[in-house]
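S.K.: Please read through the structure below; I'll follow up with questions.
Readers should treat all values here as calculations from the given coordinates under stated rules, not as data from a laboratory. Since the structure is predicted, the reported quantities are computational estimates derived from the model, not experimental observations. All Cβ positions, even for glycine, are placed from backbone atoms using ideal geometry, and neighbour counts span all protein chains on display.
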Amino acid sequence: MASNAGIAMVKDTRAMLHLYRKLLRSSSTYPSKNRWGIYKAIQEDFRENVSLDPEAADTQRKITLAYKGLEQLRMYDEHVLSGGRPGNPNWSVTLDQNPMPKPHDYERKGKK
């Protein structure tokens, strides 16, 4: 019999797998020359962070950033833009003023 913490962890794991798959799917259709570079970067990031504590503040920040990245990738997805009707010419894109926040160690990296 699984404990409540174990059940919550399974739900979190499933949610992370779902997020991972959505990111990969969206990056594979992203209209960019660097599409596969983005795809590989997502794979590497998830592999590097697979053992992080899901309750840690840094992990929560990374998860929030991943959801924001997914939202931005999906802005260019034809299926999403057309409302499920490919070929529909009525779509729009809304750009954020601060699309991706700078990493917390951005200043240190820039001074090297």
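S.K.: Between Arg25 and Glu55, what is the label-to-label distance in nm when each label sits 7 Å out along the Cα-to-Cβ direction?
M.R.: 3.2 nm
S.K.: Local charge sum around Gly69 (other residues, Cβ-Cβ under 11 Å, Lys/Arg +1, Asp/Glu -1)?
M.R.: Details: positive: Lys22, Lys62, Lys68, Arg74; negative: Asp45, Glu71.
Result for the local shell: +2.
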